[in-house]
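Worksheet: the structure to be examined is printed underneath.
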Amino acid sequence: MITCATSRRYRLFPDNKACSLNALLMIVLSFLFVLSGKETKAIEADLSSHLVAITAGFSGDRILLFGSINSPGEVIVVVRGPDTDFKVQRKGQVAGIWMNTASMKFESVPSFYSIASTGPIEEISSSATRALNAIGFDNIGLELPVTKAAGKLADSWKKALLRNLLRSGNYQLENAEIVFLGEHLFRTEFELPANVPTGTYSVSVYHLRDGQIIDARTTPLTVSKIGAEAEIYDYAHLHGAMYGIIAIVIALVSGWIGHLIFRKG
Amino acid sequence: MQIYLPIAEISVDIILLLAMGGGVGLLSGIFGVGGGFLMTPILIFVGVPPAVAVATQANNVIASSVSGVFAHWKRGNVDFLMGWILLIGGFIGSTLGVGLFTFLKSLGQIDLVINLSYVVFLGTIGLLMMLEGIKAVFRRRKSGGVSRGKLHEHNWFHGLPLKMRFRKSRLYISALLPLGIGFFVGVLSAIMGVGGGFILVPAMIYMLGMPTAMVIGTSLFQIIFVAANVTFLQAAQNQTVDVVLALLLLVGSVLGAQVGTRIGAKMQGDWLRLLLGILVVMVCGKLFLDLLIEPADLYVLEMV
């Protein structure tokens, strides 16, 4: 049984075609699996698309991940966005007014992080495995160096960062589901919010047994601005002054056109 | 229908943006102000980063002011000499203002300064306008007409040097006065993402003593150039001008401003002042409350 997930990646095709494309992918995957038998790697996986294009109509996206395992076990999928720096501001009351009174910079933190798994990750993987492979929010480097903050203070900064990233959709809670279709084939979906950071993501698929990773696959996913949006962004950053002049001219002309239209009408 | 804004990096409903532009443009046409003091807070509320909201709004102010200034120019309501002198001050002020904006942003205090500027400057002006409007409306009710006494009050600043004659406004005052006002409004327009009409218009009426009819056209004339300067500097220094956002807003605001100018011409000056005062006080009250009420999350995230 293959359910059809509506992925925005398939907007190019009518809905029924999108569905048949999914089905085709499943068939190809299962075929590969049957052909290669036990000689194949323990885990195979691929994405419905390796490129998320941010165009004018972009309002978030869903990515499908298909895969297969050749022996029983658990699966964890980790989607990790490019590392970036975040600054957290803390507000305090000064003379009755709430203002930023302290700030903390977190360096090289994943800009996006989402996990899907066949069960609670604490149960299906050992803590050493999670630490080694940066699985779970405790292991992705949100810790502050002791020179900046320690103990309870560091903890409250870390929690604040996590809370804000979860709220914005950059980080997602750890219970995304992996659905098995039969014994070997599985699929999962993850959602990219409208304000998704651009860059190269890594999608890692782990096959675990007894809490240990027995095989892993990592596949890249590129999120980038495409078309007019990308060109405007690039132009604004490369030729700021010229961009400013163009913006002014557009505004002047539209104001003038507005006047002309209404004078006659 | 959603559209992705390339510089703001968020996706917003097109209809919402058009409606926002139209509503604010209507008010800006009626009252002869750029409307930035309404649009900037609304943009921030919709989720546009404050730095992008301020810079993009400056771009949008150009369009609505251009379409408004033609109408006033036709009626001979622009004092160009006064406009140019205000403009020299405005250019210097807005250039320094954009520098100050960049500096405050690096300190993480730009949002606070934007909010406080709104509350202090807009709030004061709004209250004054409201009181003045109420007084004038009641006076007319009593006497059945306003008898105009002196053209304007004489204060210490009328003793300043560099006196110039402004024929259109029938004034003989020091050029330093419009220069200083232009400078001050220039700084504010860079920091607050406003044309500065809400300071400029009352300053021209009460401090310079210009005829009310002349004030709106002349202030729009000055605002066009100051807003253009702010747009240019923000685009060059901070890359925060979103042309797609600006274009969508200005389609609405240009249409709204045309309708507004017509409505404004039919309304009495005192009522205009009273209504604008009420509107301004309401916006400020909201912003002031935001500063006083404890935020839901004391920690805020910033992309670096």
Looking at the structure I just gave you, is B:Val46 crowded, with 21+ Cβ neighbours inside 10 Å and within 14 Å of chain A (Cβ to nearest Cβ)?
no
From B:Ala8, B:Ala53, which residue is surrounded by 22 or more Cβ atoms within 10 Å (Cβ to Cβ) and within 14 Å of chain A (Cβ to nearest Cβ)?
B:Ala8
May I ask you to verify whether A:Pro193 is more than 7 Å from every other protein chain (Cβ to nearest Cβ), touching a residue at least 40 places away in the same chain (Cβ under 8 Å), surrounded by fewer than 17 Cβ atoms within 10 Å (Cβ to Cβ) and over 23 Å from A:Ala131 (Cβ atoms)?
yes
Using the structure shown, decide if A:Ala131 is crowded, with 16+ Cβ neighbours inside 10 Å and either in contact (Cβ under 8 Å) with a residue 40 or more places away in the chain or under 21 Å from the mean Cα position of the chain (by Cα) (or both).
no
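Residue by residue, here is whether (1) farther than 23 Å from A:Val52 by Cβ; (2) at pLDDT 90 or above; (3) within 12 Å of chain B (Cβ to nearest Cβ) holds:
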| position | (1), (2), (3) |
| --- | --- |
| A:Leu181 | yes, no, no |
| A:Thr188 | no, yes, no |
| A:Val203 | no, yes, no |
| A:Gln212 | yes, yes, no |
| A:Asp215 | yes, yes, no |
| A:Leu221 | no, yes, no |
| A:Lys225 | no, no, yes |
| A:Ala241 | yes, yes, yes |
| A:Gly265 | yes, no, yes |
Qualifying residues in region A:43-88 (those that are among the small types (Gly, Ala, Ser) and closer than 26 Å to A:Asp215 by Cβ) - the one nearest to the other protein chains (Cβ to nearest Cβ):
A:Gly81
Which listed residue, of B:Leu276, B:Leu292, is within 8 Å of chain A (Cβ to nearest Cβ) and either of a type in the set (A, V, I, L, M, F, W, C) or touching a residue at least 24 places away in the same chain (Cβ under 8 Å) (or both)
B:Leu292
Step by step: first the residues of region B:234-243, then only those that are buried (at least 22 other Cβ atoms within 10 Å of the Cβ) and facing another protein chain (nearest Cβ under 7 Å), then the one that is nearest to B:Phe103 (Cα to Cα). Which residue is that?
B:Ala235
Condition check for A:Arg9: modelled with pLDDT under 85 and either more than 14 Å from chain B (Cβ to nearest Cβ) or exposed (fewer than 13 other Cβ atoms within 10 Å of the Cβ) (or both)
yes
Hits in region A:227-239 - residues which are more than 7 Å from chain B (Cβ to nearest Cβ) and in contact (Cβ under 8 Å) with a residue 40 or more places away in the chain
A:Gly227, A:Ala228, A:Ala230
Within region B:11-43, can you find the residues that are at the interface with another protein chain (Cβ under 10 Å from one of its Cβ atoms) and either of a type in the set (Ser, Thr, Tyr) or out of contact with any Leu (no Cβ under 9 Å at 6 or more places or on another chain) (or both)?
B:Ser11, B:Asp13
Exactly one of (1) under 30 Å from B:Asp297 (Cα atoms); (2) surrounded by fewer than 20 Cβ atoms within 10 Å (Cβ to Cβ); (3) in contact with a helix residue (DSSP H, G or I) (Cβ under 7 Å, 6 or more places away or on another chain); (4) not basic (Lys, Arg) is unmet by A:Met104. Its number?
(2)
Checked against (1) at pLDDT 90 or above; (2) within 14 Å of chain B (Cβ to nearest Cβ), A:Ser168 satisfies every condition except (1)
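The values are calculated or read from the model by the stated rules, or taken from the named source; none is laboratory data. Small disclaimer: the values here were computed from a predicted structure and weren't measured. Neighbour counts run over all protein chains shown; Cβ positions are idealised from the backbone, glycine included.
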